1. Condition first: within 17 Å of L75 (Cβ to Cβ) and among the hydroxyl-bearing types (S, T, Y). Now tell me which residues in the range 112-146 satisfy that.
2. Please enumerate the residues belonging to the range 128-146 that are among the polar types (S, T, N, Q) and either in a loop (DSSP other than H, G, I, E, B) or surrounded by 18 or more Cβ atoms within 10 Å (Cβ to Cβ) (or both).
3. Does S116 qualify as being of a type in the set (G, A, S), under 25 Å from L54 (Cβ atoms), at pLDDT below 95 and surrounded by fewer than 17 Cβ atoms within 10 Å (Cβ to Cβ)?
Amino acid sequence: MKTSGMTVLMSALAALSGVPLAAAEEAGPAQVSATTIETHAPAAAAPANLDAALVKGVVGEYIEKDSRLKGGEFLVYDPTDKKIWKLKSPKAHEDVRNQDVNVAVVCVDMTSGKGSDKKILDVDFFVVKSASGNAEVSDIKIHKVGKKEHYIYDENNQIRPVPAKAKAKPRKKAVPQNTVKPGV
């Protein structure tokens, strides 16, 4: 069986991007960059949600490239806590949230600090697919610091503010009945 150069190229691109070879062959020629995977799909194809493997691959490449450029740490600004976090050890969650056919979110647990100062942050990476078919990281938000949520997702995977907790009414201090008041 003779293997064409295109088949070898498609196999290599599929392996690098995490896209199954059959899907890569079906989509046609692909171009891969550090943060983008472009496919030339048939124009008549019905819109589909972004593939989870593709989204995770794009995010993984983004984190790896960005960390390499910044001395091995992934830096992200947290507008809620007004702080720049230096993060390491990314571990993606299994699920990918599709907000619509062109936007998906993958949560990645990352660590900051060491020992007793160590914190685990849940960082959300938003991946968009443009009209040309490129998939790339478009936004990064800190979802949680430890167990403190900065926002929540509703049933349609849309971001909502964390509901305010009902404040407990302050209780009056009970004064024991059989006590002597000072100075009496």
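1. Listed by number, the list holds a single entry, S112.
2. Within the range 128-146, the first condition is being among the polar types (S, T, N, Q), and the residues that meet it are 130, 132, 134, 138.
Correct list: S130, S132, N134.
3. Values: of a type in the set (G, A, S): yes; under 25 Å from L54 (Cβ atoms): no; at pLDDT below 95: yes; surrounded by fewer than 17 Cβ atoms within 10 Å (Cβ to Cβ): yes.
Criteria not met by S116.
The values are calculated or read from the model by the stated rules, or taken from the named source; none is laboratory data. Just so it is clear, the structure is predicted and the values come from calculations on it, not from any experiment. So basically every Cβ, Gly included, is an ideal-geometry build from the backbone, and we count neighbours across all protein chains shown.
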